[in-house]
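Single-structure report; data block below.
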Amino acid sequence: MGLTLTEKILKAHVVDGEFVKGQEIGIRIDQTLTQDATGTMAYLEYEAMGVPRVRTERSVAYIDHNTLQSGFENADDHRFIGSVAKKHGIYFSRPGNGICHQVHLERFGVPGKTLIGSDSHTPTGGGIGMIAIGAGGLDVAVAMGGGAYYITYPKIVKVELTGKLNPWVSAKDVILEVLRRLSVKGGVGKVIEYCGEGVKTLSVPERATITNMGAELGATTSIFPSDETTKQFLKAQKREEVWTELKADDDAVYDEVVEINLSELVPLAACPHSPDNVKSVAEIGNMKIDQVCIGSCTNSSLLDMLKVAHILKGKTVHPDVSLSIAPGSKQVLNMLAENGALATLIDAGARILESACGPCIGMGQSPNSKGISLRTFNRNFEGRSGTKDGQIYLVSPEMAAASALTGVLTDPRDLGDMPEFKLPDEFIINDNMIVPPVDEKDMDSVEILRGPNIKPFPETAPLVENIECGCSLKVGDNITTDHIMPAGAKILPLRSNIPAISQHCFTVCDDQFPARAKEMGKSIIVGGSNYGQGSSREHAALAPLYLGVKAVLVKSFARIHRSNLINAGILPLTFVNEADYEKISQGDELAVMNVREDIIAGKTELTVANKTTGENIPVLCELTGRTKDIILAGGLLDYTRENLK
Ligand code: MIC
Ligand code: SF4
């Protein structure tokens with residue numbers, strides 16, 4: 001029986017466990033990436049493990065999220081990360097060099113290699129045939145120390161692409177169509193593998209847009225084959241030597257098959273407040289808009305920017321619309337400057353932002369009250385833009401640029417003929433903003449530079465025998481990590497300071513939560529399905545840990561957040577019967593008795609007693625040998641320390 005591409009790469013990297021669907025496997029990690037908003041914690045954790053030099057083939061630390069520097073905090077974090085990187089064998093991509101996923105694709109990604117990154121959009125690397133997975137900072141720290149990364153052996157979904165995109169229909173529309181069909185939880189426990197004749201018609205940046213936003217499916221990752229197109233892209237990056245051909249066997253067997261005829265797709269938009277709330281322009285209507293933002297790791301490649309420049313050429317942005325554009329990397333910005341497209345964007349009235357995440361994570365450019373903003377980004381969760389009642393629509397660069405001119409949501413097909421957009425045969429290569437580490441023999445000469453914003457990892461303790469406490473919060477379905485641990489210009493600078501950032505935990509849903517949880521001392525959170533979808537930020541587990549949360553009981557979890565809870569030593573529980581969700585109210589007194597003993601004995605079904613109502617609720621606590629030991633130890637850091645002894 002033939003193998004899928006995913007199986008081929010996983011088989012070449014497996015170091016622990018068996019290839020049985022649904023079982024946990026440990027894989028060797030060739031490359032890691034971090035960004036600054038998750039990086040300081042990841043490097044504090046790495047330091048705590050005491051491994052002098054990273055044991056990966058390549059590790060890169062990017063600064064791209066917190067680049068506003070509205071106080072000393074971000075600059076301190078950048079300096080800390082830069083010094084850790086220099087000492088411990090990690091390449092350091094300085095602020096201004098670009099968004100981690102865009103730069104990694106350009107300068108470091110290698111087909112067939114494994115990559116984990118402390119950012120949920122790490123699957124961007126799947127655009128050149130990598131198994132690239134988003135993970136918590138602690139998992140990345142362990143991988144840098146040479147430890148395996150554990151995933152559930154995934155189901156593999158084949159997305160068979162046929163046909164060719166029509167003019168003005170974009171790679172963004174492909175992933176929006178996949179999201180429309182599968183939903184934000186449709187990819188949980190799955191890898192999405194793109195195959196078929198249609199693959200050949202898509203360039204690497206287009207493939208990367210699709211694998212990037214595959215994160216919104218909740219998928220473990222997404223991957224394209226590595227073919228002649230990949231080779232040309234790497235050649236243009238002067239890295240042809242890392243190319244290898246990779247594809248699934250013709251007789252590979254998939255768990256599910258989805259067919260998409262590219263020729264049938266139309267321009268789409270994801271409406272507020274979920275990336276799977278997808279509609280066509282005709283369905284939404286030509287609504288008036290206030291803002292357009294172009295950029296983010298989903299759509300900030302040279303190809304995207306050239307399309308936008310073509311649409312804006314010689315025109316002026318609509319007087320009621322603010323248009324901002326953030327090219328994804330220094331390389332992209334440089335090339336736009338060189339070929340004149342940057343002048344076109346400036347001429348049209350675009351507000352050019354630095355090559356960073358920017359508005360995508362609420363770092364500036366928040367829309368006006370109730371403002372309608374079209375963004376080429378990947379997430380439109382409520383409040384993420386920094387404006388609580390902002391209405392964010394996720395669209396292609398083509399639709400964004402067309403609408404910026406008309407002032408209303410516009411189908412880009414109304415623009416007439418579309419010219420061919422070809423990628424250059426050679427990109428401008430200048431890695432002068434990537435600082436290499438010092439040689440191992442010189443590492444003692446590097447001083448680690450810590451600022452007052454950097455506070456230690458919160459205290460953890462081994463799992464107790466009985467958890468007896470109240471329910472401090474009850475929330476509904478599809479709670480995102482942006483609800484649990486909001487970001488944005490005011491909160492993001494506190495990422496290295498868990499006591500301070502905890503004061504913002506869940507405030508999107510309930511501004512009393514931090515004070516209440518702290519006062520209760522210990523507590524349990526209850527939630528609905530797909531709890532913790534979205535980002536990889538381990539702060540969404542570390543802040544609850546700091547506030548005394550001992551367990552989270554929900555209908556179902558998103559993958560990365562569940563791992564982050566386990567890594568933080570917080571018990572992840574799911575209802576056996578989803579209807580039992582109704583049997584707990586906020587404020588009820590709950591108890592999980594003999595939990596330590598039961599987990600040691602390998603019991604997966606536990607009981608949560610609701611002492612307020614007198615009801616007993618069966619719950620699942622599905623832990624494998626390793627995750628069981630992590631929970632018992634009080635988290636991954638304690639577990640790793642014990643295992644390194
Ligand atoms: C995001 O897009 O939500 C982020 C900000 O990049 C996060 C990481 C973080 O919260 O630091 C992610 O996607 O993992
Ligand atoms: Fe940055 Fe946005 Fe991409 Fe997250 S999704 S890495 S915030 S650009």
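General remarks:
- Residue-averaged 222 nm ellipticity for the chain, from DSSP H runs of 4+ at -39500 (n - 2.57), nearest 500: -8000 deg cm²/dmol
- Among 179, 423, 624 the positive-end extreme of the charge dipole of the chain (Cβ point charges): 423
- Using distinct alpha-carbon pairs, which all enter the 1/r mean, Kirkwood radius of the stretch 382-481 in Å: 22.3
- Centroid-to-centroid separation of the stretch 48-123 and the stretch 366-404 [C-alpha atoms, Å]: 28
- Reducing the stretch 560-603 and the stretch 313-359 to their Cα centroids gives an inter-centroid distance of 48 Å.
- Note on the chain: Cα convex hull, mean projected area over all directions, 26.5 nm².
- Remark: spin-label model distance residue 68-residue 594 equals 5.2 nm, labels positioned 7 Å along the Cα→Cβ axis.
- Charged-residue dipole, Cβ positions (Lys, Arg, Asp, Glu), the stretch 258-406 about Cα centre, Debye nearest 20: 320
- nm² value of the averaged projected area, convex hull over the Cα atoms of the stretch 1-139: 8.9
- Only protein atoms count toward the accessible area here, which uses a 1.4 Å probe; on the chain, the carbon and sulfur part of that area reaches 48 percent.
- Here the translational diffusion coefficient of the stretch 225-302 follows from Stokes-Einstein with Rh set to the Kirkwood radius across Cα pairs; for 4 °C and 1.567 mPa s it amounts to 76 µm²/s.
- With all protein chains kept in place, the per residue accessible area of the stretch 213-292 amounts to 43 square angstrom at a probe of 1.4 angstrom.
- Three semi-axes of the equivalent ellipsoid, the stretch 184-252, Cα gyration tensor, whole Å, largest first: 23, 14, 10
- Assigned charges on the beta-carbon of Lys, Arg, Asp, Glu; the chain dipole about Cα centre (debye): 780
- Cα gyration tensor shape of the stretch 291-369, rounded if a/c is under 1.5, else prolate or oblate by comparing a/b with b/c: oblate
- Look at the alpha carbon pairs under 8 Å that are at least 6 residues apart: their mean separation over the length of the stretch 433-573 gives a relative contact order of 26 percent.
- Calculated FRET value between residue 414 and residue 232, using beta carbons and R₀ = 25 Å, to 0.05: 0.20
- Three-way shape label, the stretch 495-645, alpha-carbon gyration tensor, a/c 1.5: oblate
- Length-normalised contact order of the chain in % [C-alpha pairs under 8 Å, at least 6 apart]: 15
- With an a/c value of 1.5 or above and a/b not larger than b/c for the gyration tensor axes a ≥ b ≥ c computed over the alpha-carbon atoms, the stretch 322-470 is described as oblate.
The values are calculated or read from the model by the stated rules, or taken from the named source; none is laboratory data. Here the structure is a predicted model, which means the values were calculated and not measured. Reconstructed Cβ throughout: ideal geometry from the backbone, glycine too, with neighbour counts over all protein chains shown. We work out accessible area using only protein heavy atoms, side chains counted, and drop any ligands, DNA or RNA first. Shrake-Rupley method; radii C 1.70, N 1.55, O 1.52, S 1.80 Å.
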